[in-house]
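Quick notes on the structure that follows.
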Amino acid sequence: MNKETREIIAIGLMSGTSMDGINVSLVKTNGITLKQSNYSLIERYSDITLNLLNKITNNLSNSVKDITLLKKASELITIDHYNAIKLLLKKTKLKPEIIGFHGQTIYHNPNEKISIQLGDPKLLSKMLKTNVVGNFRKKDIENGGEGAPIAPIYHKHIIEKLNIDLPCGFINIGGVSNISYWNGKELIGFDTGPGNALMDIYMQEQFQTKYDDQGKLAANGKIIHKTLNQFLKDNYFCRKYPKSLDKLYFIKILEILKGNNHKPENIMATLAAFTINSIMQSISILPTKPKVIYLMGGGIKNKTIINGIKSKFDNDVIISNDVGINGEMVEAELIAYLAVRKIYDLPSSFPGTTGVKEAICLGDLFTENN
């Protein structure tokens, strides 16, 4: 390793579309390889921040026009991320040289070339007196991409590090589900369809709980096949990759299920089946069937989804945590990885992952003085 690509101590920050917490991970990386540390945590948003985010997302069309509201939310999000970093740094004497700050996605519409992440990288840089890289998706869209997914380059590194048999697929089940595919020649990435978002919304509305614990409610329900099959025919699944989704793109299925007064367990069984089947449809359009797929993200806690995928995919299905990959920290590590790739001007986004015209380096660098 030469001086120009020395390892840098970096912190990655990620809060997914489910808004269930801020993932913070400290790593050492040169933007090519990455070494994990024992220093990571998940910190909830403060109640005031979460309430404001819910207010924004529940009335998005008006909220995105309210600059004062968005600015206030960005400030609160940034302060919560700052506090999460300070908690992590209490555990270690290591001092990060760079922070990767993804921000909180509130809206993603690739057709309109819009992806909105709230959070202020410049403010975070001033608060920490440390360089911060942000605006990862903005740079992708400006260069002709959809702004998502941005994880494949890091997933490729993990695949190569673990010497996994190719072709291989990495599937992250978050608010939206996405896949990264690597066969040694082609790096492909796209959103497969819904993840946890619709199920979480229903559980919060119906039972005032964050999610279906281990998928127990869904496991006790019957799938409403007529509605499921209707939505599996959506035009999105006919489109060739690369492609991406907003977490509420398929909200109509939830509205129809609720409108027909189905039992809660049957609604949840149908939503879980939608996630499972859309993932399987996506696997079927890859150049070659993966020899193995790795599952990560919050969805790995849902046994109904995991068992459903395992029953439909006849090659190996591996839960990331079972092989030493912390599935909840992969995306935070990713953001640290991308931040250092920015420092070394290494490409992070590719025609086969987001549709950019050519491989580009993502992110903007913020210092406490700019």
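The values are calculated or read from the model by the stated rules, or taken from the named source; none is laboratory data. Values in this document were obtained by computation on a predicted structure and should not be read as measured data. For neighbour counting, all protein chains shown are included, and Cβ atoms are generated from backbone atoms with ideal geometry for every residue, glycine included. Heads up: the accessible areas ignore ligands, DNA and RNA and are worked out on the full protein's heavy atoms, side chains in. Shrake-Rupley method; radii C 1.70, N 1.55, O 1.52, S 1.80 Å.
Here residue 210 is the anchor, and the aspartates and glutamates within straight C-alpha reach of less than 13 Å, apart from those fewer than 8 places off in the same chain, are 20, 200.
For residue 222, the aspartates and glutamates whose Cα comes closer than 13 Å to its Cα, not counting residues fewer than 8 places off in the same chain, are 265.
Summary of packing: across the peptides 172-180, 123-131, the per-residue average of other C-beta atoms within 10 Å ranks them, highest first, as 172-180, 123-131. Rolling a 1.4 angstrom probe over the protein heavy atoms with all chains in place gives the range 132-280 an accessible area of 41 Å² per residue. In straight-distance terms, cross-link reach from residue 226 covers every one of the lysines whose alpha-carbon lies under 18 Å from its own, apart from those fewer than eight places away in the same chain; here that gives 252, 258, 263. Model label sites at residue 75 and residue 206, defined 7 Å from Cα along the beta-carbon direction, differ in position by 4.0 nm. Based on the alpha-carbon gyration tensor of the range 95-205 and its eigenvalue square roots a ≥ b ≥ c, which shape applies: rounded if a/c is under 1.5, prolate if not and a/b is larger than b/c, or oblate? It is oblate, given that a/c is not under 1.5 and a/b is not larger than b/c. For the pairs 28/55; 161/312; 113/312; 93/247, flag any whose C-alpha to C-alpha distance is greater than 30 Å. The pairs that break the limit, which is 30 Å between Cα atoms, are 28/55; 113/312; 93/247. Taking all protein chains into account, the per residue accessible area for the range 283-343 stands at 39 Å² (1.4 Å probe).
Ordered from highest to lowest accessible area with the whole protein assembly present and a 1.4 Å probe, 323, 356 read as 323, 356.
P(r) tail, the range 1-71: Cα-Cα pairs separated by more than 18 Å, 57% of all pairs.
The angle separating the long axis of helix 67-89 from the principal Cα axis of greatest extent in the chain is about 70 degrees. Ligands, DNA and RNA left out, the 1.4 Å accessible surface of the chain is 48% carbon and sulfur atoms. The angle separating the long axis of helix 303-312 from the principal Cα axis of greatest extent in the chain is about 70 degrees. Annotation: extensible slack from residue 288 through residue 230 equals 18.2 nm (criterion: 0.36 nm per residue apart, minus Cα-Cα distance).
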